[in-house]
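Have a look at the structure below, then the notes.
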Amino acid sequence: MTATRTHNIKIMRILQLMKWLSSREDSGGKTRSFRLGKALASFARVDATGFALPEERIEREEEHLSQYSKLYPFPLQRAFCNPLVFLSGIARGLSLRSARFFVPSYNRFVENILRKNRYDAIQVEELPLISSLGSLSMNYPVIYSSHNVESQLSYIIFKRRNFILRFLSETERRRTLSEEKRALAVARACLAVSEKDKELLKGISSEGTTPIYVLPNCASDRFKPSFQGFTGRGVLSVGCFGWYPNEEGIIWFIEEALPRLRKKMASLEITVAGSEISRSLVWKLKQSGIRIYPDAPDILPFFQNARVLIVPLRIGGGTRIKIIEAWAAGLPVVSTSIGADGLSCRPGVDIMVADDPDQFAGDIYRILTEEDLYGKLRLEGLNNATKLRWSGLAGSLEKIYRNCGVKS
């Protein structure tokens with residue numbers, strides 16, 4: 001069944017809950033949420049709700065929002081301004097990350113949407129919003145879309161931060177693990193980003209009966225090379241740098257790998273493009289002679305004009321959409337092993353993987369100077385990307401819904 005059939009046929013209706021209902025598609029979490037929403041819209045009528053920044057205009061005219069029938073933005077200031085609400089979430093046993101999104105008024109907001117509309121299922125993007133499901137929500141089949149195995153990722157992030165967060169890391173792990181168990185218990189099915197995440201989530205499921213399906217991260221169809229034979233120039237890093245692992249990773253590159261690279265190639269063009277680049281990071285990037293493009297409206301031109309993408313992550317979970325998008329744009333990638341984790345890739349064939357700063361710098365230098373290596377990585381990456389397109393997930397997602405007994 002597709003959403004384009006005649007009006008005489010009853011169409012499945014789905015409410016998609018996401019953390020951020022945004023006018024910008026500027027983070028991996030937003031990209032996955034919106035692209036899964038587009039896949040859902042190929043066989044259902046989909047409405048979406050999420051937190052929204054007060055300065056943003058949330059309109060369906062935006063390409064990444066055009067698939068939705070109705071948009072229900074929940075103003076951010078109503079959600080995050082009251083510390084007592086946050087503390088009440090902590091008192092309920094929620095993790096720090098989920099307590100940030102535990103807002104009774106948002107819970108009531110979602111319940112009101114459910115009262116006014118008929119839905120056949122609810123798809124929840126990311127773990128924190130599971131706590132926003134009220135009693136009325138439990139009357140619907142819930143599909144839980146896991147972007148990361150949060151109990152593992154949160155623990156690692158907290159361990160790498162300040163003394164207070166390190167002290168709280170074990171508590172955060174236990175609470176997040178409890179939330180993931182609840183999410184899997186209430187869900188009719190779970191969507192994971194990789195086989196590795198699927199196995200981890202199966203181990204978390206208390207009963208082990210919740211079906212877990214892999215829907216990999218992908219690239220949009222518009223991600224293509226600029227034109228055949230173009231070899232690009234310079235080094236590129238992209239991402240949402242408000243996410244600690246991205247910021248920590250680029251700082252590691254600046255402090256450890258970049259000096260080694262400059263010894264090999266003193267004149268080198270390096271660009272950082274993305275969102276939420278802090279003032280302190282801007283200063284560090286400028287001091288290192290790196291070009292900065294904050295809040296870039298479209299990341300594709302940067303992929304098309306660079307010679308190599310670097311992914312210097314040392315903390316991570318799930319899979320990196322930026323690597324798949326780089327492959328689709330014909331851009332070779334140098335990544336750490338954590339950055340490439342979860343992807344089906346072949347180091348030295350379709351990606352270069354290095355954790356040692358000397359090797360990381362050396363691999364970048366080789367791609368910048370060796371045409372044969374550049375051409376091989378470019379061709380193999382393009383081949384990988386043909387199998388990883390968001391548009392190719394619609395059939396699999398519809399089948400999951402049908403297997404779960406969701407009917408229109």
Legend entry - Odd one out for LEU313, checked against (1) in contact with a helix residue (DSSP H, G or I) (Cβ under 6 Å, 6 or more places away or on another chain); (2) closer than 28 Å to PHE227 by Cα: (2)
Inset, instruction - Test each condition in (1) surrounded by fewer than 22 Cβ atoms within 10 Å (Cβ to Cβ); (2) of a type in the set (A, V, I, L, M, F, W, C); (3) touching a helix residue (DSSP H, G or I) at 6+ places or on another chain (Cβ under 9 Å) for ILE122 and report the one that comes out false. - result: (1)
Inset, instruction - Scan the range 119-157 for residues that are of a type outside the set (A, V, I, L, M, F, W, C), outside any helix (DSSP H, G or I) and under 24 Å from the mean Cα position of the chain (by Cα) and report the count. - result: 9
Legend entry - Count of the range 212-240 residues which are within 26 Å of LEU281 (Cβ to Cβ), hydrophobic (A, V, I, L, M, F, W, C) and at pLDDT below 95: 1
Inset, instruction - Quickly run through the range 173-196 and pick out the residues that are farther than 26 Å from GLY405 by Cβ and out of contact with any Phe, Trp or Tyr (no Cβ under 7 Å at 6 or more places or on another chain). - result: ARG174, ARG175, THR176, LEU177, SER178, LYS196
Legend entry - Within the range 267-291, tally of residues that are under 30 Å from GLU150 (Cβ atoms) and either surrounded by 15 or more Cβ atoms within 10 Å (Cβ to Cβ) or in contact (Cβ under 8 Å) with a residue 12 or more places away in the chain (or both): 11
Inset, instruction - Answer yes if at least one residue in the range 230-244 is in a helix (DSSP H, G or I) and either touching a Cys at 6+ places or on another chain (Cβ under 9 Å) or within 15 Å of GLY316 (Cα to Cα) (or both), and no otherwise. - result: yes
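Conditions tested, residue by residue: (1) among the basic types (Lys, Arg); (2) within 25 Å of LEU388 (Cβ to Cβ); (3) under 18 Å from the mean Cα position of the chain (by Cα).
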site: ALA266; (1), (2), (3): no, no, no
site: GLY274; (1), (2), (3): no, yes, yes
site: ILE277; (1), (2), (3): no, no, yes
site: VAL282; (1), (2), (3): no, no, no
site: PRO294; (1), (2), (3): no, no, no
site: PHE302; (1), (2), (3): no, yes, no
site: ALA340; (1), (2), (3): no, yes, yes
site: SER344; (1), (2), (3): no, yes, yes
Inset, instruction - Go through (1) under 19 Å from SER27 (Cα atoms); (2) of a type outside the set (Ser, Thr, Tyr); (3) surrounded by 21 or more Cβ atoms within 10 Å (Cβ to Cβ) one by one and return the number of the condition ARG389 breaks. - result: (3)
Legend entry - Condition met for ALA306 (of a type in the set (Gly, Ala, Ser), within 19 Å of LYS30 (Cβ to Cβ) and modelled with pLDDT of 95 or more): no
Inset, instruction - Run SER226 past the list (1) of a type outside the set (Asp, Glu); (2) in a loop (DSSP other than H, G, I, E, B); (3) over 29 Å from ASN383 (Cα atoms); (4) touching a helix residue (DSSP H, G or I) at 6+ places or on another chain (Cβ under 7 Å) and report the number of the one that doesn't hold. - result: (3)
Legend entry - Selection count, the range 370-402, where residues are of a type in the set (S, T, N, Q) and either assigned to a loop (DSSP other than H, G, I, E, B) or free of Cβ contacts under 8 Å to residues at least 60 places away in the same chain (or both): 2
Inset, instruction - Would you be able to say whether some residue in the range 203-217 is in a loop (DSSP other than H, G, I, E, B), touching a helix residue (DSSP H, G or I) at 6+ places or on another chain (Cβ under 6 Å), closer than 30 Å to ILE254 by Cβ and in contact (Cβ under 8 Å) with a residue 24 or more places away in the chain? - result: yes
Legend entry - helices (runs of 4 or more DSSP H) fully within the range 8-95 counting 3 or more residues that are of a type in the set (D, E, K, R): 28-40
Legend entry - Selected residue [of a type in the set (Val, Ile, Thr) and surrounded by fewer than 17 Cβ atoms within 10 Å (Cβ to Cβ)] from VAL353, VAL349, VAL334: VAL349
Inset, instruction - Starting from residues that are among the hydroxyl-bearing types (Ser, Thr, Tyr) and free of Cβ contacts under 8 Å to residues at least 60 places away in the same chain, keep the ones in the range 145-174 and report whichever is surrounded by the most Cβ atoms within 10 Å (Cβ to Cβ). - result: SER146
Inset, instruction - Kindly provide the set of residues from the range 97-114 that are touching a Gly at 6+ places or on another chain (Cβ under 9 Å), part of a helix (DSSP H, G or I) and surrounded by fewer than 19 Cβ atoms within 10 Å (Cβ to Cβ), ordered by number. - result: ASN107, ARG108, GLU111, LEU114
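The values are calculated or read from the model by the stated rules, or taken from the named source; none is laboratory data. Computed from a predicted structure; not experimentally measured. Cβ sites come from the backbone with ideal geometry, for glycine too, and all protein chains shown count toward neighbours.
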